[in-house]
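Notes for the one structure printed next.
The values are calculated or read from the model by the stated rules, or taken from the named source; none is laboratory data. Since we're looking at a predicted model, the values are computed, not measured. Cβ: placed from backbone, ideal geometry, glycine included. Neighbour counts: every protein chain shown. The area values use the complete protein model at the heavy-atom level, side chains included, leaving out ligands, DNA and RNA. Shrake-Rupley method; radii C 1.70, N 1.55, O 1.52, S 1.80 Å.
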Amino acid sequence: MKDKMTRGLARSLMALTVALVPATAVIAAKVVTKEPGASKAAAAATIVRVDGAWIRQTVPGQTGTGGFMTLTAERGVTLVGFSSPVAEINELHEMKMDGNVMRMNALGALPLPAGQAVALRPGGNHLMLMNLKQPLKAGDQVPLTLKLKLEDGKLIEQTVSVPVLGGAPAAMPMHDHQHMMMDH
């Protein structure tokens, strides 16, 4: 019963948090889609809409951080990875409760069903940028290239510019890192 209540409360807080992400964090920047052999008009089309995107700023000595956003695909695609020049290692991650311990694991891919919003958020699926090449400060813009696999197997890339925020939005719940383990 306690685990069920905890999970329900966590889901409610995360849903509220996603709704309260400040408008300044919404991507209104350039989005470029690359598909080998595609025309310029086709390349300019956005396959995945990106909303509420932000990356958590780092503190001195911190070598990793998370990226969060909501992705909505116009047609069924799979997010198979991403890259960014600010990090040596870029991985899709998930966080799941395992008993009383929150665990973070790398994900190989994340399906984006047509027309359905898929949230990447603290405490759930997210982007992990590790072995950062430089500190990330609030106000910075970080280029990310989303790697997408279409239903026909074609791989395409979509580039977005994501703002770095000084921390989680005020209503964003923070998780207890003392109980978090990483499995790789």
Report, ordered by the first and then the second residue, all pairs with beta carbons closer than 6 Å, sequence separation of six or more or different chains, a first member in the stretch 129-156 that is among the β-branched types (Val, Ile, Thr), and a second member that is surrounded by fewer than 17 Cβ atoms within 10 Å (Cβ to Cβ).
-> Thr145/Ser83
Please work out if Phe82 is of a type in the set (Phe, Trp, Tyr) and touching a His at 6+ places or on another chain (Cβ under 7 Å).
-> no
Show the residue pairs that are 6+ apart or on different chains and have beta-carbon atoms under 9 Å apart, the first residue being within the stretch 96-118 and free of Cβ contacts under 8 Å to residues at least 12 places away in the same chain, the second being of a type in the set (S, T, N, Q) and surrounded by 15 or more Cβ atoms within 10 Å (Cβ to Cβ).
-> Lys96/Asn105
Limited to the stretch 110-139, what total is found for residues that are on the phi > 0 side of the Ramachandran plot, open to solvent by 30 Å² or more (accessible area, probe 1.4 Å) and in contact with a helix residue (DSSP H, G or I) (Cβ under 9 Å, 6 or more places away or on another chain)?
-> 0
Answer yes if at least one residue in the stretch 78-90 is touching a strand residue (DSSP E or B) at 6+ places or on another chain (Cβ under 6 Å), among the charged types (D, E, K, R) and either at pLDDT below 90 or in a strand (DSSP E or B) (or both), and no otherwise.
-> yes
Identify the residue in the stretch 42-83 that is open to solvent by 10 Å² or more (accessible area, probe 1.4 Å) and of a type in the set (Ser, Thr, Tyr) and, among all such residues, is farthest from Pro163 (Cα to Cα).
-> Thr78
